[in-house]
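*Asks:* Sharing a structure below in structure tokens format, with a few things to ask.
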Amino acid sequence: MADILTRRRALHLFGGAASALAIGPLSGCDALSDTRKAATLALDRRPLTIPPLEQGKQISGQRVFDLVLKRGTTSFFEGVQTPTIGINQSYLGPTLQMHRGDRVRMLVKNELGEHATLHWHGFELPASADGGPHQTIAPGASWSAAFEVRQRASLYWCHSHALRRSGPQVYAGLAAPIYVRDEEEDALGLPSEYGVDDIPLVVQDRTFASDGSLVYSSNMQNGMMGMIGDVLLVNGTHEPVFEARSNKLRLRLLNGSNARFYEFAFRNGQTFDLIASDGGLLKRPFRASRVRLAPGERAQIVIDLVDDRPIDLVADSVSNMGMMGGGRMMGMGGIMRGQRGDALRADQFAVLSIVPAEDRRKGEPLPSELTSFAAPDPALAVATRRFVLGMGMGMMSGFTINGRSMNMARIDERVPIGQWEIWEVENASMMAHPFHIHNAQFRILDRGGRAPPPLETGFKDTVVVNPGETVRLLLRFEQNTDPELPYMYHCHILEHEDAGMMGQFVVTT
Ligand SMILES: [Cu+2]
């Protein structure tokens, strides 16, 4: 196998940007100049890539997106070219923006030279438009998917969902953020200027070989734990810096990693407001200092810049061998030295340095209420289904839901349209799994019998189920019946999904 670079060696060899910015204690009249010095140092680093905003073209009452899945090379480090894949560009894709109520049409051309799909994660749509394993696009072929945007304003995303190939394809870059906006949210005056005070952050860990290529290895460890990298990329930029022209920033975090779980926080301990989960706004802002996301999950936070000092968003790697204990995966990355000698911990990544511009707009205070929705009522449910996540010892046969591995020819569940149901997801394995359901935004009734934390009080499409735990979800499918063509439910650790921890359901009349 290729020589694998550690994060520290990658920095050294590729002459990449300096490591996390160190801000020492400020004192007396040196304070301002030190602050400015620190800001100047930070600005030497690579600027955050903001994915281009793509709003499609209006054609015959539809918002039409032209998307090409293609190969290319990307320079993640100075002077090094890495073979990658992307959507309309070499790595990842543009941010696709649409509005609730839009009729959209996705025209997807596959120029990858291998079979691929493009799944619209978080969307309620016809099964034929879902972009799952049944909507394979052959090499050189095109696929068209039309649907109405039904769910709330939020950050969604699209990514490969090819059977047994979603892991390597997403790892190479086949994913992109999607913004859905709506009038309710527009009226709130939240930071909404794309790339200025409303920023998507697609967080992904990767491993690079010494020739600069991405290493995707299906060895035993990666098969079990999922593909874990030791270099963190944000929108495809390593340890980026962002110059803030507003005192109030809305960061839309997407854990787009194959397998790694993160806990995000600001290095100075600063608190922020949690305003949205996977499927849209929470009822009100929740003050928090940390936010955890498993692969597939999203969160939106609003942070205030209180002075001229740069602030650093960092991510602790969280062990998925039981998130409840809060145990951290140690030794998964190198130690990076800051410029004044202080270090991020071995299990901590620099995500983003935010450097306040000298001239900044003030930003409006957040409303005390963001939206309203009823509490999830388990009494609505007329049926309960149970899903048990299992990991046996045989790697390729051991990843199961209800004891069965994914089979394209088998429909596992038939769900009547419009019927409220409780889905009980139990984790009978030793690892936490993010459980994702297609064609739904569900509510979490309880987690291990306890009320869910703030980030889980709103609409979700992906939920972590810890070892030994049962999470109860309330959901119904409101439209889009198809007696034959199924949707998926699966673990969003992509290597687990590819190895069979996935099932199929149809929505019936
Ligand atoms: Cu899993």
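Throughout, read-outs are computed from the coordinates displayed, never taken from laboratory work. Note that the structure is a prediction, hence the values are computed from the model and not measured. Cβ: placed from backbone, ideal geometry, glycine included. Neighbour counts: every protein chain shown.
*Asks:* What number, in percent, do you get for the relative contact order of the chain if the mean sequence gap of Cα pairs under 8 Å and at least 6 apart is divided by its residue count? Could you put the intermediate results ahead of the total?
*Replies:* Numbers: 1384 pairs, mean separation 78.6, N = 509.
Relative contact order comes out at 15 percent.
*Asks:* Ratio of the range 378-508's C-alpha Rg to 2.2 N^0.38 Å, to two decimals?
*Replies:* On the way: Rg = 14.1 Å, N = 131, 2.2 N^0.38 = 14.0 Å.
Against the compact-globule rule of thumb, the ratio is 1.00.
*Asks:* Over the range 113-205, what is the relative contact order in percent, taking alpha-carbon pairs closer than 8 angstrom and at least six residues apart? Kindly include the intermediate steps, with their values, before the conclusion.
*Replies:* On the way: 122 pairs, mean separation 25.0, N = 93.
Taking the mean separation of contacting Cα pairs over the length of the range 113-205, I get 27 percent.
*Asks:* Which ordering of LEU53, LEU281 is given by a fewest-first count of other beta-carbon atoms within 10 Å? Don't skip to the answer; put the middle values down first.
*Replies:* Details: LEU53 14, LEU281 25.
If I rank by nearby Cβ atoms, fewest first, I get LEU53, LEU281.
*Asks:* Between exposed trypsin sites (Lys or Arg not before Pro) in the chain, where DSSP calls loop and at most 11 other Cβ atoms lie within 10 Å, what's the longest gap? Provide the component values of the computation, followed by the final result.
*Replies:* Values: sites that count: ARG340, LYS362, ARG410.
Here the longest segment lacking exposed loop sites spans 1-339.
*Asks:* How high is the relative contact order of the range 378-508, in percent, with contacts defined as C-alpha pairs under 8 Å that are six or more residues apart? Numbers along the way, then the final one.
*Replies:* Working: 316 pairs, mean separation 44.0, N = 131.
With pairs under 8 Å counted, the relative contact order is 34 percent.
*Asks:* Output ³J(HN,Hα) for the range 275-281: one whole-Hz value per residue in order, computed from phi by the Karplus curve 6.51 cos²θ - 1.76 cosθ + 1.60 with θ = phi - 60°, and x for Gly and Pro.
*Replies:* My calculation for the range 275-281 gives 10, 8, 10, 3, x, x, 5 Hz in order.
*Asks:* Hey, can you grab everything whose amide H is under 5 Å from the amide H of PHE387? Only 5+ residues off in sequence or another chain; H modelled, so Pro and N-termini drop out.
*Replies:* Placed amide hydrogens put GLU424, VAL425, GLU426 under 5 Å from PHE387.
*Asks:* Over what distance in Å are the Cα centres of the range 44-69 and the range 269-306 separated?
*Replies:* Comparing the Cα centres of the range 44-69 and the range 269-306, I get a distance of 25 Å.
*Asks:* Rounded to the nearest 500, what is the 222 nm mean residue ellipticity of the chain from helices alone, with -39500 (n - 2.57) per DSSP H run of 4+ residues and division by all residues? Mind dumping the intermediate values first?
*Replies:* Details: 6 runs with 42 residues, N = 509.
My calculation for the chain gives -2000 deg cm²/dmol from helical runs alone.
*Asks:* Around GLN55, which amide H atoms from residues at least 5 apart in sequence, or from another chain, sit under 5 Å from its own amide H, with H modelled in the peptide plane?
*Replies:* Under 5 Å from the amide H of GLN55: GLN97.
*Asks:* Let me confirm the definition first: pairs of Lys residues in the chain, 8 or more apart or on different chains, C-alpha distance under 21 Å. How many are there?
*Replies:* Numbers: LYS57/LYS70; LYS57/LYS109; LYS70/LYS109; LYS248/LYS283; LYS248/LYS362; LYS283/LYS460.
So the count of such lysine pairs works out to 6.
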